[in-house]
2 protein chains.
Amino acid sequence: MIKVAVNGYGTIGKRVADAVAAQPDMEVVGVSKTSVSAEAYVANERGYPLYIADLANKPAFDAAGIKVAGDVDAMLKIADIIVDATPGGVGAKNKSIYESLGKKAIFQGGEKHEVAGLSFNAHANYKDAIGKQFTRIVSCNTTGLIRVIHALDQAFGVERVRAVMIRRGADPSDVKRGPVDAIVLNPATIPSHHGPDVLTVLPHINIVTLAMIVPTTFMHMHSIQMDLKKEATREAVLKVFEDHSRIGIVRKDTGIKSNAQLREYTQDLGRPRTDLWENGIFEESVSVLNGKEFYCFQAIHQEADVVPENIDCIRAMMETVKDPEESIQMTNKALGFVAIG
Amino acid sequence: MIKVAVNGYGTIGKRVADAVAAQPDMEVVGVSKTSVSAEAYVANERGYPLYIADLANKPAFDAAGIKVAGDVDAMLKIADIIVDATPGGVGAKNKSIYESLGKKAIFQGGEKHEVAGLSFNAHANYKDAIGKQFTRIVSCNTTGLIRVIHALDQAFGVERVRAVMIRRGADPSDVKRGPVDAIVLNPATIPSHHGPDVLTVLPHINIVTLAMIVPTTFMHMHSIQMDLKKEATREAVLKVFEDHSRIGIVRKDTGIKSNAQLREYTQDLGRPRTDLWENGIFEESVSVLNGKEFYCFQAIHQEADVVPENIDCIRAMMETVKDPEESIQMTNKALGFVAIG
């Protein structure tokens, strides 16, 4: 059993912890919080040993009736590998701690590529992570882009990618962020950081991305255009997506034409926290014009799509599974993937 | 003085009426409403003779203290030209009335191209409308696209256009529409109707458009990519925009990066109803990559950008001004255009 510590039990960390706990070959040896919060109660409820950043705060946890197992240092020492899901930029500061303890660690997309030196996507470069000490999981949007670009690049070759990301303004529980009634250029300059971030995993792709933020809370929406190298048909493209283990097709017959309706659907399917781990590609939108011009809309659940990538990355770094698809299938099965369309 | 009747005193009609009243060569002979509303009070307040669809409703207007000049038929008879700003589809039904009275009429983008047989944009095809009985002003989004495409086509030639429109969910006072927390594919299929609508004015352009609706009320945001025929520089493109009489540059130095901040700015500039009649192109976003790939973001005020187009169209159809730029300058001056950036 791989002993996994989740440093930072927030939006991503709590999902990774549950995903680790669901795997047959891993266990959660601890999760961490800095202060008393609803998520600290959830950690206790789930039975994950809860470690805190500073034991001086233990009285506050005690007063709240939350059990504390020790400090973060103690947690790191008993782990084989750490998933660092702390806020963006904090991971970079934690790296020296992991180094001094000789521990493996996975950072999230909020950290720069250079922090780990290797950016990861299970379908694109699993094998590069085998045995590595540090790896970074690219962000939710980049993960969503890489899945679809890599899949079409393998099948038809990708000449160039032009993608526009409509990003959610805040996570559902994030009551301090906006906007409320605005479309915010994010950034106003072109390109956005997503294109360069794709290159950390797929360096040969010609890609330009643009991004805006809108007043929604659940899932980003991508408008993607690619010029393919070989001629393709809509049917052939759909077949590639259907065969992909982390792409879900949102069937036309469902009548779903928005992220909100898709969330209702993942909820009805019984997904934990209504999570959409796959790319949600809208069947109706899949188009091939002029033989080589591919278009689609896809929904990317910002809180969820990187979760299975973290799990596969653990196996690659721990060298327990060498074949990418074997790990992906294990992960998907343990999470209980049910076809979304 | 050209006698103009505005049939349908709503979101567009009330703005067109004010724009007509501001011109030195036109007057508003009447505006119409079907029922008592805030806008009917505004018509009285502005001093526009108010005509109503059915005189049987006059007692309701009387009871509300709103002066009524007569029925719509009487208004149409005293007009030289009618701006039909009735809800989409109603204009097509009104056409036979205008025909039987031998009147000229301008329809809005909610009507099909075939209703008028000519779709209009002042910069692109003013001269085609000279002397015509019927013309249609293309919709707000299409107007915004045509301005920028035509300008770059004249300067550099346009090989192909790929544009993504992020549309406002509802007008500010439209309390019955949504969405509240969703990104809605509009439509989920590709292309959206905007590309084909551009072809009604610029038939030689290779264009594909995609559209989504988001929970905002003020202005659409366009993400535009064009492959140009000739090499261009960012500076040369900015010069084309600066020289265009209906394109405004949102300067980087203003710090404006969203429609909401742009609205605050048009408000501070003293624009009536905070209207942005021009395309609002964000200076920071104007990019030329690889010599021929143009990118930009632009804000399009859905309630306003077609208003000056209606004014120019009146002059072309009435044959009082034959030169497009002369009419455009008259219109802009009368409206009191102040550089937005």
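Who wins for biggest fluctuation among A:259, A:279, A:57 in a Gaussian network model of chain A, springs between alpha carbons below 10 Å?
Greatest mean-square fluctuation among the candidates belongs to A:57.
Using a 1.4 Å probe on the protein chains only, how many percent of the accessible area of the protein assembly as shown belongs to carbon and sulfur?
Numbers: 12690 of 24810 Å².
So the carbon and sulfur contribution to the accessible surface is 51 percent.
Suppose only helical runs count, i.e. DSSP H with n ≥ 4. What mean residue ellipticity at 222 nm does that imply for chain A under -39500 (n - 2.57) per run, divided by all residues and rounded to the nearest 500 deg cm²/dmol?
Details: 13 runs with 120 residues, N = 341.
That comes out to -10000 deg cm²/dmol.
Residue A:253 versus residue A:290, label points 7 Å from Cα toward the beta carbon: distance in nm?
Modelled inter-label distance: 3.4 nm.
Considering only B:177, B:162, B:315, give the residue with the highest GNM mean-square fluctuation for chain B, with springs between Cα atoms whenever their separation is below 10 Å.
Largest GNM mean-square fluctuation: B:177.
Mind ranking A:140, B:313 by accessible surface for me, highest first, 1.4 Å probe?
Details: A:140 25, B:313 0 Å².
Result of the area sort, largest leading: A:140, B:313.
Of A:68, A:140, A:83, whose Cα points farthest to the positive end of the dipole of the range A:1-141 (charges on the beta-carbon: +1 Lys, Arg; -1 Asp, Glu; origin at the Cα centre)?
Going by the Cα projections, it comes out as A:140.
Note down the accessible area of residue B:223, probe 1.4 Å, to the nearest 10 Å².
Using a 1.4 Å probe on the heavy atoms, I get roughly 10 Å².
When N counts the residues of the protein assembly as shown, how does its alpha-carbon radius of gyration compare numerically with 2.2 N^0.38 Å, as a ratio? Could you put the intermediate results ahead of the total?
Numbers: Rg = 29.0 Å, N = 682, 2.2 N^0.38 = 26.3 Å.
Dividing the Cα radius of gyration by 2.2 N^0.38 Å gives 1.10.
Residue B:55 accessible area, nearest 10 Å², 1.4 Å probe?
80
Which helices count as membrane-span-like in chain B under these terms: full DSSP H, at least 15 Å along the axis by C-alpha, Kyte-Doolittle mean of -0.5 or more? Intermediate results must be reported in sequence, preceding the final value.
Details: long enough: B:11-22 (17 Å, 0.59); B:90-101 (17 Å, -0.32); B:140-156 (24 Å, 0.57); B:307-318 (17 Å, 0.39); B:324-335 (17 Å, -0.75).
Passing helices, by number: B:11-22, B:90-101, B:140-156, B:307-318.
Can you tell me the Rg and the Dmax, both Å, for the Cα atoms in the range A:140-300?
Values for the range A:140-300 (Cα only, Rg and Dmax): 15.6, 47 Å.
State, in square angstrom and to the nearest 100, the accessible area buried between chains A and B, both chains counted, probe radius 1.4 Å. Don't skip to the answer; put the middle values down first.
On the way: alone 14120 and 14150 Å², together 24810 Å².
Buried surface at the A/B interface: approximately 3400 Å².
Enter the mean number of other protein chain beta carbons within 10 Å of the beta carbon of each residue in A:215-226, as an integer.
Average neighbour count from other chains, rounded to a whole number: 4.
Inter-copy label distances at residue B:127, 7 Å along the Cα→beta-carbon direction, one decimal in nm, shortest first?
Reported distances to equivalent positions: 6.4 nm.
Taking Cα pairs under 8 Å and at least six residues apart, what relative contact order does the range B:140-300 come out at, in percent?
On the way: 303 pairs, mean separation 45.2, N = 161.
Contact order relative to length: 28 percent.
Send over a whole-number figure in Å² for the accessible area per residue of the range B:116-227, probe 1.4 Å. Walk me through the intermediate numbers first.
On the way: 3290 Å² over 112 residues.
Normalised by residue count, the accessible surface of the range B:116-227 is 29 Å².
What lysines could a cross-link reach from residue A:127, if we take a straight Cα to Cα line under 22 Å and drop same-chain neighbours fewer than 8 places away?
A:3, A:103, A:104, A:112, A:322, A:333
Only Cα pairs under 8 Å and at least 6 apart count here; give the relative contact order of chain A as a rounded whole percent. Before the final figure, lay out each step's value.
On the way: 711 pairs, mean separation 59.6, N = 341.
Dividing the mean separation by the residue count of chain A yields 17 percent.
Distances in nm, one decimal, shortest first, from residue A:273 to the same residue in every other copy, taking the label point 7 angstrom along Cα→Cβ.
4.5
Quantify how strongly other chains surround peptide A:185-198 by giving the mean number of their Cβ atoms within 10 Å of each of its Cβ atoms. Write down the numbers at each step before the final one.
Working: counts 12, 2, 4, 12, 9, 14, 3, 0, 0, 0, 0, 0, 0, 0.
That average works out to 4.
For chain A, with a Gaussian network of springs between Cα atoms less than 10 Å apart, report the residue from A:30, A:169, A:270 with the top mean-square fluctuation.
In the Gaussian network model the winner is A:270.
Can you return the aspartates and glutamates within cross-link range of residue A:132? Criterion is Cα-Cα under 12 Å, with same-chain partners fewer than 8 residues away left out.
A:319
Say a label goes 7 Å from Cα toward Cβ at residue B:254 in every copy; what distances in nm does this one have to the rest, shortest first?
For residue B:254, the inter-copy label distances come out at 4.1 nm.
The values are calculated or read from the model by the stated rules, or taken from the named source; none is laboratory data. Keep in mind the model is a prediction, meaning the values are calculated, not measured. With ideal geometry, Cβ positions are generated from the backbone for all residues, glycine too; neighbour counts draw on all protein chains shown. Ligands, DNA and RNA are excluded from the accessible area calculation, which covers all protein heavy atoms including side chains. Shrake-Rupley method; radii C 1.70, N 1.55, O 1.52, S 1.80 Å.
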